[in-house]
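Everything on this sheet refers to the single structure shown next.
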Amino acid sequence: MSTPRVAVVGFAQAPNLASAGTTSGVETLVPVFRQALANAGLDRRDVDFWCSGSSDYLAGRAFSFVNAVDAIGAYPPICESHVEMDAAWAFYEAYVKILAGEAETALVYGFGKSSAGLLRRVLALQLDPYVVAPLWPDSVSVAALQARLALDAGIITEKAMAEVAARSRADAADNPYAQVRGPVDTDAPYLADPLRVHDCAPVSDGAAALVLASGDCALAAPQRAWITGVAHRIDPQGLGERDLTTVPSATAAAEAAGLPDDLDVAELHAPFTHQELLLRAALGLRDRVRINPSGGALCGNPMFSAGLARIGAAAEQVMSGRARRALGHATSGPALQQNLICVLDAETHEAEGREAE
Amino acid sequence: MLSAPLNIGFDYTRSLGPVLGRFMAGLRDRRVLGSRSADGRIHVPPLEYDPATHAPLTDLVEVASTGTVLSWTWTDHPLEGQPLDRPFGWALIRLDGADTAMLHAVDAGTRDRMQTGMRVHIRWSPERTGHIRDIECFEPGSAAPVPPSADTGEPVTIMTTPIRLSYTHTTSTDESRYLRALAEGRLLGQRCPVCHKVYVPPRVCPADGVPTEEEVPVRDHGTVTTFCVVNVPFPGQRLDPPYVVAQILLDGADIPIPHFVIGDAGQVRMGMRVAAVWRPPEDWTTTPENIVHFRPTGEPDAPYESFEEHL
Amino acid sequence: MRAAVLGTGQTHHRTRRTDVSMAGLCREAIDRALADAGVDWSQIDAVVLGKAPDLFEGVMMPELFLADAIGAAGRPLLRVHTAGSVGGATANVATSLVRAGVHRRVLAVAFEKQSESNAMWALSIQPPFTAPIGAGAGGYFAPHIRAYIRRSHAPGHIGALVAVKDRRNGARNPYAHLRQPDITLESVQASKMLWDPIRYDETCPSSDGACAVVIGDQAAAEASTRKVAWIRATAMRTEPTFFAGKDHVNPRAGAEAARALWQAAGITDPLDQVDVAEIYVPFSWFEPMWLENLGFAEAGHGWKLVESGETALGGRLPVNPSGGVLCSNPIGASGMLRFAEAAMQVMGRAGEHQVAGARTALGHAYGGGSQFFSMWVVSDTAPASV
Ligand SMILES: [Zn+2]
């Protein structure tokens, strides 16, 4: 059996907003599906497999993803699955489904109303439930502990962090979906020392959908970005167990995905400025690689779709001809615990035995 | 759009297993235990399984209650549930004798007292139950250690962890329109432009994935399609069992709604005709609770064929 | 590419497993699965974890903190959540990873530690602006069972017959939560009516438990020194919870999943060609309903297979020889238990509840409002084509 070539053939997202929509996501998703399918030149009945990513704890109730199926119009019944992760991992599941020959097309979506609860407190529940979560350390403080380790080790500087924020906000000026734009106040007060407001992603509500296709379906689409490698890895969570200044899971995923040296663009899912710097080092990205032309998660971070949106943004760079080779990256968990790498290319080329290629 | 608070809370009961159970029992007795992995490293808090060999870790050793800050940050406005209710520092702290760091709060008073490499020691909670919060927080400096209390030998198997979260629940545009109509004593349906079915409450048509549009008034009379008699008590219940929860197909709607049928309860049957019993109009607000329950109307039953396809 | 179950493992399921942490619960199942597969940790390429709502344990995405303990650190880890069908969906995702040629051996694990909270509490959280029509877990399904009885004219004792069969079967399963060898039709019918028409003895328990399977590719299967269960076909289908015209008794998503499954497995007459079925039956009446939905019986006739004893051990199609969900219900793991038990049957490793000569078996799970379905067919011989 020859391995099918798979491409991203459509992407759409809702505007990243401080507050919008419902926790069910249904009304937000309907137009996003329509746009993504229109971009792909497909009807919803042409989709072989649907896969989503979301979180019950964002909505504050069990089975919150079930309602979102209403947005699909799932009757007659569909082939469908869901991950309790960022939708970038739903993308991975759909990609594998196509590789396995069980589908030719797939629509992947993620959604979340991050503003429904106090996000940075809700995210404390991702931490070890016996020895960490009962202290309720918020997600910004956890990121700050990582940032200081990197600063103390001389791996990054506050100046470099501020430059990341400034570049991201300047790039977001051209992104109609971005939530945050404009200048950076380098003397802004600390949210959690050493992180200032501009070092942290905003709390964003949103959704995104991405369409995958293989073989003739991909060739028939109006535009495409071929997927030449996808891999993901997770590190142990213990914040005092691992060296938080390195990102071994990102490095390993890049190796497994066959991250090329001649990338034009990288869309990195870095909700904090220092995390972009750590990721660039972990992935060995050279200075010529254009980072986050969308403005990245620092300018809009809709939980559970922001990682998928990085893959979508990277694919748009390739589909529009602005880039020949692009990287889409997603992260999940505290302090860059879990990472996914997706390499996109304007051309398809022979497999080199990469994992999940 | 309408919004309202949604608060959830539960006291979770965490069973600990052999390693975490001994660790928590140690905290109760003012001792900190770490687990030793095959490479000789001592992990605090303890790991349950060896990261390299995957074998269960059984060798627990005591470490000091003093340690060194490896990294820190500062919280000006503590959040609900955090260890201190005044500004404090979070820190990764490596206890003397341990090879890994634990996360906890440092009661340093002001930000400028926090620094990487600072020495800290545990402030024990006066009330200890075998819980990570038996460590109230850390304090700056290497104070004379408080001797451990006598080992009671009592194992700790469960730790209770309250989780309280507050959300703001927001309705969709269609839902808001429906709720505003309810506040006026009206039941509002909407028809799907594709399948032409009438949905109450209005929503995106789940069969077609398009918003329902055309407004259709729906009567507050209907037919019981099927039902169950609830005899079992459970948390969050509003009525005392036994009571009947029925699927009720409102006249003019194409999808049933669940509701209580009260009055003549023993006689509730498939096909029974029922009508809504409303709160007094002066109490109507934007809530489905304006309809308290349904009551039998005494009309002849609807024939099975008339609701067969709604089962 | 072919895929096979190399080994399975499960915990002793109990109301409260207070002797273990969440990691300990998972590892009890995982360690048994690795041993059963004759595989060591270095041979595992990826981990897929399935679990029902995070609110049950009060941990957001618990696979993150569990990553190290369940052997996922440094490896790919996926977390599946498809409501009650999740255990089955998790095994199916792991199967796709192998079939796609991405990995050689994948560990799939599913768990639920219900005793950390109260599932009824978690499921009855009432969002604002909705009618507080609480009926409880059985209250959702009881009206649909009533509709089934009306539609099929099934005699009233069918639900009790299933309960007696499954609880007696569970007594043969050392891992089962409820083991009641002495249960009788009379005792079931004398048990309290909870959600009329569902009686106490016709409902599943609330359990702590976990299940794990190791799935391998053809080379891994051929390298195994033990018998493997070849995965002949998998299927998943979804429909919305509610929509105008939804058939709650015989949902189309389940019927279409089954049709696709049988076709992919080359099965034309399921009742004749399947030797044993592990079907997700949380309330006893769902056995006849799912027998029809799965195509083992014509619509309206499933109860006749039950009444004639054909679904008991020794019958034409033994259903849930393990005791099924009626005997053990660690929600997130319940679906994978069905899939694992099906594999155990064709591997000949089901012990006291082994169906003699079982060569082809069904594993089935469903969830949500009878809307998420996942299934697989396993057999003792490799599928002819791929
Ligand atoms: Zn419609």
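Annotations for the structure displayed:
- When restricted to residues that are in a helix (DSSP H, G or I) and surrounded by fewer than 18 Cβ atoms within 10 Å (Cβ to Cβ), the range C:190-217 contains 2.
- The sole residue among B:Glu215, B:Glu282 that is free of Cβ contacts under 8 Å to residues at least 24 places away in the same chain and not hydrophobic (A, V, I, L, M, F, W, C) is B:Glu282.
- B:Pro193 vs. criteria more than 30 Å from C:Met193 (Cα to Cα) and within 16 Å of the ligand (Cβ to nearest atom): yes
- Take the conditions (1) open to solvent by 10 Å² or more (accessible area, probe 1.4 Å); (2) on the phi < 0 side of the Ramachandran plot; C:Ala91 misses just one of them, which is (1).
- Those residues of the range B:249-304 which are under 36 Å from the mean Cα position of the chain (by Cα) and hydroxyl-bearing (Ser, Thr, Tyr), in sequence order: B:Thr285, B:Thr286, B:Thr287
- Apart from one condition, C:Ile149 fits all of (1) more than 11 Å from chain B (Cβ to nearest Cβ); (2) assigned to a helix (DSSP H, G or I); (3) open to solvent by 30 Å² or more (accessible area, probe 1.4 Å); the exception is (1).
- Of the listed requirements (1) within 14 Å of chain A (Cβ to nearest Cβ); (2) under 30 Å from A:Arg45 (Cα atoms); (3) without any contact (Cβ under 8 Å) to a residue 24 or more places away in the chain, B:Glu308 misses just one: (1).
- Scanning the range C:271-281 for residues that are open to solvent by 10 Å² or more (accessible area, probe 1.4 Å), in contact with a Phe, Trp or Tyr (Cβ under 9 Å, 6 or more places away or on another chain) and not hydroxyl-bearing (Ser, Thr, Tyr) gives C:Leu271, C:Gln273.
- Qualifying positions in the range A:114-126 - touching a strand residue (DSSP E or B) at 6+ places or on another chain (Cβ under 8 Å) and either open to solvent by less than 10 Å² (accessible area, probe 1.4 Å) or acidic (Asp, Glu) (or both): A:Ser114, A:Ala116, A:Val122, A:Leu125
- Counting only helices (runs of 4 or more DSSP H) that fall entirely inside the range C:1-106 and contain at least 3 residues that are of a type outside the set (Asp, Glu) and out of contact with any helix residue (DSSP H, G or I) (no Cβ under 7 Å at 6 or more places or on another chain), the qualifying elements are C:22-37, C:86-99.
- Selection from the range B:283-305 of residues that are in a strand (DSSP E or B), among the aliphatic types (A, V, I, L, M) and over 13 Å from B:Leu187 (Cα atoms): B:Val292
- Filtered residues of the range C:293-318 (kept if more than 18 Å from C:Arg167 (Cβ to Cβ) and buried (at least 24 other Cβ atoms within 10 Å of the Cβ)): C:Asn293, C:Leu294, C:Phe296, C:Gly302, C:Trp303
Matching residues to (1) free of Cβ contacts under 8 Å to residues at least 24 places away in the same chain; (2) β-branched (Val, Ile, Thr):
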position	(1), (2)
A:Ala7	no, no
A:Thr28	no, yes
A:Arg34	yes, no
A:Gly41	no, no
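- Some residue of the range C:332-347 being in a strand (DSSP E or B), over 25 Å from C:Met120 (Cβ atoms) and not small (Gly, Ala, Ser): no
- Residue in the range A:1-25 that is nearest to A:Gly112 (Cα to Cα), counting only those that are β-branched (Val, Ile, Thr) and buried (at least 24 other Cβ atoms within 10 Å of the Cβ): A:Thr23
- Filter result (touching a helix residue (DSSP H, G or I) at 6+ places or on another chain (Cβ under 6 Å), without any contact (Cβ under 8 Å) to a residue 60 or more places away in the chain and under 24 Å from A:Pro293 (Cβ atoms)) within the range A:185-206: A:Thr186
- Residues (assigned to a loop (DSSP other than H, G, I, E, B) and open to solvent by 30 Å² or more (accessible area, probe 1.4 Å)) located in the range A:183-200: A:Pro183, A:Val184, A:Asp185, A:Thr186, A:Asp187, A:Pro189
- Taking residues in the range A:167-184 that are among the aromatic types (Phe, Trp, Tyr), and partners anywhere that are open to solvent by less than 50 Å² (accessible area, probe 1.4 Å), the pairs with Cβ atoms closer than 7 Å and at least 6 places apart or on different chains are A:Tyr177/A:Gln13; A:Tyr177/A:Asn16; A:Tyr177/A:Gly300.
- A:Tyr92 within 30 Å of B:Ala105 (Cβ to Cβ), hydroxyl-bearing (Ser, Thr, Tyr), at the interface with another protein chain (Cβ under 9 Å from one of its Cβ atoms) and away from the ligand (no atom under 16 Å from the Cβ): no
- Pairing each residue of the range B:34-54 that is facing chain A (nearest Cβ under 10 Å) with any residue that is of a type in the set (D, E, K, R), provided the two are 6+ apart or on different chains, yields C-beta distances under 6 Å for B:Arg41/B:Asp99; B:Pro51/C:Asp68.
- When the strands (runs of 3 or more DSSP E) confined to the range B:201-282 are screened for residues that are within 16 Å of the ligand (Cβ to nearest atom) and open to solvent by 10 Å² or more (accessible area, probe 1.4 Å), those reaching at least 1 such residues are found at B:214-218.
- For B:Pro83: the one exception among (1) closer than 25 Å to B:Pro46 by Cβ; (2) at the interface with chain A (Cβ under 7 Å from one of its Cβ atoms); (3) open to solvent by 30 Å² or more (accessible area, probe 1.4 Å): (3)
- Matching residues in the range B:291-308 - criterion: being surrounded by 13 or more Cβ atoms within 10 Å (Cβ to Cβ) and closer than 22 Å to C:Phe243 by Cβ: B:Ala302, B:Tyr304, B:Ser306, B:Phe307, B:Glu308
- Residue within the range B:156-179 that is more than 12 Å from chain C (Cβ to nearest Cβ), closer than 30 Å to C:Arg16 by Cα, in contact (Cβ under 8 Å) with a residue 60 or more places away in the chain and open to solvent by 50 Å² or more (accessible area, probe 1.4 Å) present: yes
- Pick from the range C:248-273, criterion touching an Asp or Glu at 6+ places or on another chain (Cβ under 8 Å) and facing another protein chain (nearest Cβ under 7 Å), ranking: nearest to the ligand (Cβ to nearest atom): C:Arg252
- Residue in the range C:318-337 that is under 19 Å from C:Ala255 (Cβ atoms) and among the β-branched types (Val, Ile, Thr) present: yes
- Residue check, C:Ser85 polar (S, T, N, Q) and at the interface with another protein chain (Cβ under 9 Å from one of its Cβ atoms): no
- Considering the range A:47-71, and only residues there that are in contact (Cβ under 8 Å) with a residue 24 or more places away in the chain and closer than 24 Å to C:Thr95 by Cβ, the residue that is surrounded by the most Cβ atoms within 10 Å (Cβ to Cβ) turns out to be A:Gly53.
The values are calculated or read from the model by the stated rules, or taken from the named source; none is laboratory data. Just so it is clear, the model here is predicted, and its values are computed rather than measured. Positions of Cβ are generated from backbone atoms using ideal geometry, with glycine treated the same way; all protein chains shown enter the neighbour counts. These accessible areas exclude ligands, DNA and RNA; they are computed on the full protein's heavy atoms, side chains included. Shrake-Rupley method; radii C 1.70, N 1.55, O 1.52, S 1.80 Å.
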